[in-house]
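*Asks:* Structure below; questions to follow.
Nothing in this text is a laboratory measurement; each read-out follows from the coordinates by a stated rule. Fair warning: this is a prediction, and the values are worked out from it, not measured in the lab. Counting neighbours? That spans all protein chains shown, and the Cβs are built from the backbone with ideal geometry, glycine included.
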């Protein structure tokens, strides 16, 4: 298992919609206190300035808790705030272009629902894939569900780490990890809880069962 795969094991995405009134920074802190190994900044309604300010706060927290910090979509903000990486969707800057701009060692994640897209992303220079959606999710509308079988097909097509995402709850961790994911990306399952920190601890404990069982 690669060091990157280990760091991607518990990937948390703060979200204002499901955060029960907590700010993005408060959510990130709670998740990290609960054991998150990667935090992603995603806030599509924020201005560039607001996003940059969030990014600086996330960077400080990630350093404090020795976690990875990834920015969703925005390579410019990720580079400006010295993030560890960026996650690019199919409508974002092409991975090949981002790889040319980014410094050595910079992490680029990509979204993949099919083996074809997964292979293309890996060949373009992606370091990991966000694979899903596994199940229906409240954080994104019109989500295409690929399920466990879809995850298995994507995982079999590439050699880079695959993080399962989309509607994953605590009871789903066993199934997605045994299907080949190196970790899970969660949002509402953590921040929809009354105590996000404690919920994160439960996820962390469950994920630790698979630390040495899954090849990523």
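*Asks:* Can you bin segment 144-194 into rounded, prolate or oblate? Criterion: square roots of the alpha carbon gyration tensor eigenvalues sorted a ≥ b ≥ c, rounded for a/c under 1.5, prolate for a/b above b/c, oblate for the rest.
*Replies:* prolate
*Asks:* Report the FRET efficiency, 1/(1 + (r/R0)^6), for residue 44 and residue 201, where r is their Cβ-Cβ distance and R0 is 25 Å, rounded to 0.05.
*Replies:* FRET efficiency, residue 44 to residue 201: 0.30.
*Asks:* If each of residue 93 and residue 26 carries a label point 7 Å out from its Cα toward its Cβ, how far apart are those two points in nm?
*Replies:* Placing both labels 7 Å along Cα→Cβ, they lie 3.2 nm apart.
*Asks:* Continuing with this model, one more query. As a test of the formula, what do you get for the chain when each DSSP H run with n ≥ 4 contributes -39,500 (n - 2.57) and the sum is divided by the residue count, at 222 nm and rounded to the nearest 500 deg cm²/dmol?
*Replies:* -12000 deg cm²/dmol
*Asks:* Quickly work out the residue 16-to-residue 123 label distance, labels modelled 7 Å from Cα along the C-beta direction, and quote it in nm with one decimal.
*Replies:* So the two model labels end up 4.0 nm from each other.
*Asks:* Let me ask you something else. Which residue fluctuates most in the GNM of the chain (Cα springs below 10 Å): 176, 12, 119?
*Replies:* 119
*Asks:* Another question, then. May I ask you to compute the full-extension gain from residue 211 to residue 178, defined as 0.36 nm times their residue separation minus their alpha-carbon distance, rounded to one decimal in nm?
*Replies:* In short, 10.8 nm is gained.
*Asks:* Taking the simple approach of a point 7 Å from Cα along Cα-to-Cβ for both residue 171 and residue 2, what is their distance in nm?
*Replies:* Placing both labels 7 Å beyond Cα along the Cβ direction yields 3.4 nm.
*Asks:* Another question, then. What whole-number volume per residue, in cubic angstrom, does the convex hull of the C-alpha atoms of segment 3-208 give?
*Replies:* 107
*Asks:* Give me the number: length gained by fully extending residue 56 to residue 194, i.e. 0.36 nm times residue separation minus the C-alpha to C-alpha distance, one decimal in nm.
*Replies:* 47.0 nm
*Asks:* Decide, for segment 31-95, between rounded, prolate and oblate: order the square roots of the alpha carbon gyration tensor eigenvalues as a ≥ b ≥ c, take rounded if a/c falls under 1.5, and otherwise choose prolate if a/b is larger than b/c, else oblate.
*Replies:* Taking the square roots of the gyration eigenvalues as a ≥ b ≥ c, segment 31-95 is prolate.
*Asks:* Let me ask something else about it. Can you give the relative contact order of the chain as a percent, counting alpha carbon pairs under 8 Å and 6+ residues apart? Working shown, then result.
*Replies:* Working: 446 pairs, mean separation 50.0, N = 216.
Relative contact order comes out at 23 percent.
*Asks:* I would also like to ask the following. I want to make sure I understand the PRE zone here: with the label point 7 angstrom from the Cα of residue 76 toward its beta carbon, which residues in segment 31-56 have backbone N atoms less than 13 Å away?
*Replies:* It comes to 47-52, nothing else.
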